Amino acid sequence: MKIICIGWNYRDHNKEMRRNDLPDKPIFFLKPDTALLKDNKPFFVPDFSQQVEYECELVYRINRIGKNIAERFAHRYYSEIALGIDFTARDLQAECRQKGSPWEIAKAFDNSATISQFIDLQTIGKNPSFCLFKNGTKVQEAKAEDMIFSIDKIIAYISKFLTLKIGDIIYTGTPAGVGKVEIGDRLQGFIGDREMFDFLVK
Ligand code: MG
């Protein structure tokens, strides 16, 4: 399976990262399956970074194979949603961006993709809201409709380049409020008022 992640998909996050131009197409990158972290297992801060940040994101799972999927048919390719964290080594990412290098060391490392259980989209509707609490304080909050590129647009775009297969998952980008994690932090994520994950940083 593939883990596909979208960058720069919320205006308020792009602004906090001092990026004011709107992307004209989705920007995506991949993580390997070794990045997955499930079942509320603790996240261990890797020793190669001094600035690991959380990015809470809605995650969709592909349920049929497809290539060159038209936007108007994209909704047929997913039926479940989860909440995840795209952990990012911000200091390494800054280095990569400065040198124009690929991002993998900053984005694709082991356990950098936290994922909750998946729930049926029908139980929560088309425009789910989600939020992240760090140590009991709400730090991120958004709705699916706040995305610059909807999941349907994302699927149409990605599938021009990559065949999507059953079980592939798509992280759809993060809203404003990203921040550093410290050992001892507790991260709790919600879709609507349903708790999706609750784990510790160690
Ligand atoms: Mg992200």
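The values are calculated or read from the model by the stated rules, or taken from the named source; none is laboratory data. Keep in mind that this is a model prediction, so the values were computed, not measured. Note that we place each Cβ from the backbone using ideal geometry, even for glycine, and neighbour counts take in every protein chain shown. When the accessible area is computed, the model is the full protein with side chains, heavy atoms only, and any ligands, DNA or RNA have been set aside. Shrake-Rupley method; radii C 1.70, N 1.55, O 1.52, S 1.80 Å.
A 1.4 Å probe run over the protein chains yields, for the stretch 61-202, 46 Å² of accessible area per residue, whole-number rounding. Within the accessible surface of the chain, defined with a 1.4 Å probe on protein heavy atoms only, the carbon and sulfur portion equals 49 percent. Positive end of the dipole of the chain (Cβ unit charges, origin at the Cα centre): among PHE28, PRO42, ALA142, the Cα lying farthest that way belongs to PHE28.
Residue-wise HN-Hα couplings along the stretch 23-38, as the Karplus relation 6.51 cos²θ - 1.76 cosθ + 1.60 with θ = phi - 60° gives them from phi, are x, 8, 8, x, 10, 10, 9, 10, 10, x, 5, 5, 7, 5, 9, 10 Hz; Gly and Pro carry x. Close amide H contacts of ILE148 (hydrogens built in the peptide plane, cut-off under 5 Å, sequence separation of 5 or more or a different chain): TYR10, ARG11. Step through the table entries LYS38/LYS165; LYS31/LYS138; LYS67/LYS134; LYS38/LYS138; LYS38/LYS67, compare each Cα-Cα distance with 30 Å, and write down the pairs that go over it. Pairs exceeding the cut-off: LYS67/LYS134.
Roughly speaking, what is the centre-to-centre gap between the stretch 124-196 and the stretch 50-104 when only Cα atoms are used, to the nearest Å? Each part's Cα centre sits 9 Å from the other's. Once the chain from LEU22 to LYS143 is taken as fully extended at 0.36 nm per residue, the excess over their C-alpha distance is 41.7 nm.
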